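The values are calculated or read from the model by the stated rules, or taken from the named source; none is laboratory data. Not measured: the values here are computed from a predicted model. Heads up, the Cβs are rebuilt from the backbone with ideal geometry, glycines too, and the neighbour counts pull from every protein chain shown. These area figures cover heavy atoms from the full protein model, side chains too; ligands, DNA and RNA do not enter into them. Shrake-Rupley method; radii C 1.70, N 1.55, O 1.52, S 1.80 Å.
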Amino acid sequence: MFVMYNKNYLNEKVKVNTDILDEIDSTNEEAKRRIKDGAKEDFVLVARKQTAGKGRKGRSFYSPKDTGIYLTFTHFTNDSPKNVLKVTVATSVIAAKTIKDTLNIDCGIKWVNDLYLNGKKVSGTLCEYIFKGMYENESNAVIVGIGINLSTEDFPEEISEKAGSLISDNNDNTCYDDIVIGIANGLKSFFENCDLNVYLPLYKKLSIVLGKEVELSDASGVLDSGRVIDFDDNGAIILINKNGENKTYDSGEISLFMM
Ligand code: BTN
């Protein structure tokens, strides 16, 4: 499929300055370079291909040409880095809602922000917080990088069991612009007051872990296990563990005992 984003249409509809790149290492890295070069206003970058797409926890994000959405929204803010969890949770709701609105596909959300379809991960978000001065910048910034596998096939072997795509290549590329518009405008509106309470009801509805037995781990190993009972106002996960205690965690990775 050949995807040519419609620059005029995007710039007319997206309420934030948007740039479309044919090829880049990573839209998050390009956002940092632009911050270093003096960007001061919120901006969106979209790439048709990434040669070094980044995922969470040092992983890479497979980003072949014209098969997915590779988008970074950069927002300048003096909000605390603690709010990054809220941004991450809101982003997954915005992405899921945009996919429903544009493609009529229902994705599930795996805490924190992975979107799943038929047991396979179809989208992920990498949020990075840039402190004032890190890149000679005058204010803090949050970089929200979203990757969506639209019609990606032939995933690298190490992720081929886990990764999936939303659609098969049907030469209908009209959804690309509309997905970018939905996500960019959705994030712009979230950043107006960062009120996660507006997003939490849909987050809970789409959650594939709420009510399930899970294991929570981080780089050092398993942190806890138990049944997920809720998410708090910041998007932290609350589980009732094997000792019957309610525990709240704001980071870590979830494994479901049964998917
Ligand atoms: C994950 O699933 O671990 C997060 C994946 C995030 C991928 C997106 S694609 C656009 C932006 N640029 C990057 O290099 N990464 C994010």
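For the reader, a short list of remarks on this structure follows.
- Test item: Cα-centred dipole of the chain, Lys/Arg +1 and Asp/Glu -1 on Cβ, debye: 300
- Cα convex hull, the range 163-226: 175 Å³ per residue, rounded to a whole number.
- Between the residues 186, 200, 84, the greatest Cα displacement towards the positive end of the dipole of the chain, with unit charges on the Cβ of Lys, Arg, Asp and Glu, is found for 200.
- Rolling a 1.4 Å probe across the protein heavy atoms gives the range 7-205 an accessible surface of 46 Å² per residue.
- Projected onto its three principal axes, the C-alpha set of the range 210-256 covers 26, 23, 17 Å, listed from the longest axis down.
- Cα centroid separation, the range 29-98 to the range 186-211: 18 Å.
- Longest segment of the chain lacking GluC sites (Glu not before Pro) that sit in a DSSP loop with at most 16 other Cβ atoms within 10 Å: 42-135
- Carbon + sulfur, % of accessible area of the chain - ligands and nucleic acids excluded, 1.4 Å: 45
- Net charge dipole size for the range 210-256 [Lys, Arg +1 and Asp, Glu -1 on Cβ; Debye, nearest 20]: 200
- Placing +1 on each Lys and Arg Cβ and -1 on each Asp and Glu Cβ, with no other charges, gives the range 94-199 a dipole about its Cα centre of roughly 380 debye.
- Expected-Rg normalisation [2.2 N^0.38 Å, Cα atoms] applied to the chain: 0.98
- Over the residues of the chain, the helix contribution to mean residue ellipticity at 222 nm works out to -7500 deg cm²/dmol, using -39500 (n - 2.57) for each DSSP H run of at least 4.
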